[in-house]
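So the structure is just underneath, and the comments pick up after that.
No value in this document is a laboratory result; all are computed from the given coordinates. Remember, it's a predicted structure, so these values are computed and weren't measured experimentally. Note: ideal-geometry Cβ built from the backbone for every residue, glycine included; neighbour counts use all protein chains shown.
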Amino acid sequence: MADCSSIDSALFNDDLWQEQLGISYDGLTYVSTGKRLDATSFDKYRKEGGLIIINSIPEQAVLNCLQSPLTLMGSDALRGHPRAAGACSRVLGHYVRERGIITLMEAIRKMSLLPAQRLESASSQMKTRGRICLGATADLCIFDPMTVKDCATYEEPKLPSQGIVHVLVNGTFVVRDGKLVTMDENTKPPGQAIRGIIRD
């Protein structure tokens, strides 16, 4: 498993990163070339900037997180990382269906209700999300649990997932029958910004 970051990140400001991450230069992949780095290429790209894949997350750490009752699911992945396109599908296909690490219902709960409940104190808008009930915001993903699967890779990080039948945002189809709904330039996107209270 891997993270994604900028190669000019402060994480790499000193030589301690190798010890902290438990990897060396060959544990880094420069996104634009898809090649593993060495000391020379690392120094070169540090000056040029760009995204890198950091291959440093043990599989057991992922399993522990998935099974923890405290864990919520989502993705803050940068472009260039496959989890930006396939985080939830990866869990549903690989860890739920193929490996049985957690149940389907627990995975859905960790992706929907639990994150909404966690954010309710920051924004009252979250009280109508993550639920299917009267008065809730109709943000829905309809998928086939037997075929859902992430397809994005480090080489092709934007590939859409399989098995996603419909996606509705605020009651409006954005994916219908497995295909992205195209909107003309005059159509207002259905998504809404989540606003919270600014605290001192």
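Treating the beta-carbon of each Lys and Arg as +1 and of each Asp and Glu as -1, no other charges, what is the dipole magnitude of the chain about its Cα centre, to the nearest 20 debye? Show your work: numbers first, answer last.
Numbers: 23 positive and 23 negative charges, 165 e Å.
That gives a dipole near 800 debye.
For segment 25-111, what is the Kirkwood estimate of the hydrodynamic radius, computed as the reciprocal of the mean inverse distance between distinct Cα atoms, to one decimal in Å? Walk me through the intermediate numbers first.
Details: mean 1/r = 0.0677 Å⁻¹.
One over the average 1/r among Cα pairs gives 14.8 Å for segment 25-111.
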Worksheet item: Treating the beta-carbon of each Lys and Arg as +1 and of each Asp and Glu as -1, no other charges, what is the dipole magnitude of segment 3-54 about its Cα centre, to the nearest 20 debye?
Response: 240 debye
Discussion item. Students often forget the sequence filter, so: which lysines lie under 24 Å Cα-Cα from Lys47 once same-chain residues fewer than 8 apart are removed?
Written reply: Lys35
Worksheet item: In whole Å, what is the distance between the alpha-carbon centres of segment 141-183 and segment 61-75?
Response: 22 Å
Item to complete: Straight distance only, please: which aspartates and glutamates reach the Cα of Lys110 with their own Cα at less than 17 Å, same-chain residues fewer than 8 apart left out?
Response: Asp76, Glu120, Asp139
Worksheet, complete the sentence: Placing each pseudo-label 7 Å from Cα in the direction of the beta carbon, Ile197 and Glu98 end up separated by a distance in nanometres of 4.5 nm
Practice prompt. Answer rounded, prolate or oblate for segment 1-46, using the Cα gyration tensor with square roots of eigenvalues a ≥ b ≥ c: rounded when a/c is under 1.5, else prolate when a/b is larger than b/c, else oblate.
Written response: rounded
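Considering every Cα-Cα pair within segment 101-200, what fraction, in whole percent, is farther apart than 20 Å? Write out the running numbers ahead of the final one.
On the way: 2575 of 4950 pairs.
Tail fraction, whole percent: 52.
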Discussion item. Need one number: convex hull volume per residue for the chain, Cα atoms only, in Å³.
Written reply: 178 Å³
Discussion item. With a 10 Å cut-off between alpha carbons and a GNM built on the chain, which of Cys151, Cys133, Cys65 moves the most?
Written reply: Cys133
